[in-house]
Structure formats: C-alpha cells, structure tokens
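Asker: Below is the structure I would like to discuss, written out as structure tokens.
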Amino acid sequence: METTNRDVIGLPLGIIEGSTFASCQLELEPGDCILMFSDGVTEAMDKQNHQLDLGAINTAVREGLHSPKALGERIAKIVKQHASGRSQHDDITIVCFGRDASQTPA
C-alpha cells in the first residue's frame with residue numbers, strides 16, 4: 001500500500017528514544033508551504049495560565065496570504081502577543097518553507 005502525506009502521523013520527534021517514523025514524498029506546487037513548530041509554540045502561556053489555542057495557528061495558516069517567511073513571522077507574533085507579560089518557559093522553534101507562488105511547475 002502506498003503511503004500518502006495524510007497517512008504520515010506519529011509521535012513528536014524525541015519523545016521516545018528509538019521510535020520509528022513513516023515517511024513519504026510529496027511535491028510542493030507553486031505557493032505551497034510547510035510549517036513545523038515545537039511544543040513551545042502551543043504551550044506558550046498567557047497571564048491566566050492558558051496555553052495558546054491551536055486554532056490561532058490554524059487561522060493564520062488558513063489566511064493563506066503569507067509567504068513562508070511571513071507565515072513564520074506571523075506565528076511568532078501570535079505567540080508573542082499571547083504570552084505578553086509572561087517569561088518564556090520553553091524553547092520555541094518555528095520552521096516554515098515553501099515554493100514561490102510565481103514559479104512554474106517543473
């Protein structure tokens with residue numbers, strides 16, 4: 001059975017030593033973007049000790065108006081605004097890359 005990108009799910013990296021992960025290949029079309037982030041993003045706390053709602057990240061992604069760089073910066077801004085007034089308690093890693101929308105398919 002062929003594995004598709006929607007089938008590739010599992011534990012976050014580094015949770016259990018020796019874990020194995022499925023992989024797949026996909027072709028990025030012009031305008032496609034890949035966003036990855038650490039749990040420090042969704043575990044950012046506000047002054048009332050509420051974690052960042054994943055819905056805020058989903059909304060930013062669904063806006064679809066961002067280059068990969070702009071999307072990464074938008075996510076960082078969302079985290080910073082949410083945690084305003086709180087010190088950072090975990091690492092925050094955001095990786096966002098994609099294919100330029102103006103490129104023609106190969």
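The values are calculated or read from the model by the stated rules, or taken from the named source; none is laboratory data. Computed from a predicted structure; not experimentally measured. Every residue, glycine among them, receives a Cβ derived from its backbone with ideal geometry; neighbour counts consider all protein chains shown. Side chains included, ligands, DNA and RNA excluded: accessible areas come from the protein's heavy atoms. Shrake-Rupley method; radii C 1.70, N 1.55, O 1.52, S 1.80 Å.
Asker: Scanning segment 60-91 for residues that are loosely packed, with under 12 Cβ neighbours inside 10 Å and of a type in the set (S, T, Y), which turns out farthest from E29 (Cα to Cα)?
Answerer: If we take residues in segment 60-91 being loosely packed, with under 12 Cβ neighbours inside 10 Å and of a type in the set (S, T, Y), then S87 is farthest from E29 (Cα to Cα).
Asker: Read through the list (1) in contact with a helix residue (DSSP H, G or I) (Cβ under 6 Å, 6 or more places away or on another chain); (2) closer than 20 Å to L13 by Cβ; (3) open to solvent by less than 60 Å² (accessible area, probe 1.4 Å), then give the number of the only condition that F97 fails.
Answerer: F97 satisfies every listed condition except (3).
Asker: Another question, if that's okay. Give all pairs with beta carbons closer than 8 Å in which a residue from segment 46-57 that is in contact (Cβ under 8 Å) with a residue 12 or more places away in the chain meets a residue that is open to solvent by 80 Å² or more (accessible area, probe 1.4 Å); count only pairs at least 6 apart in sequence or on separate chains.
Answerer: Correct list of pairs: D46/R86; K47/R86.
Asker: Filtering segment 28-41 down to residues that are within 22 Å of L13 (Cα to Cα) and surrounded by fewer than 16 Cβ atoms within 10 Å (Cβ to Cβ), which residue is farthest from the chain's Cα centre (by Cα)?
Answerer: D39
Asker: Give the residues of segment 78-98 that are of a type in the set (K, R) and not in a loop (DSSP other than H, G, I, E, B), sorted by residue number.
Answerer: K80
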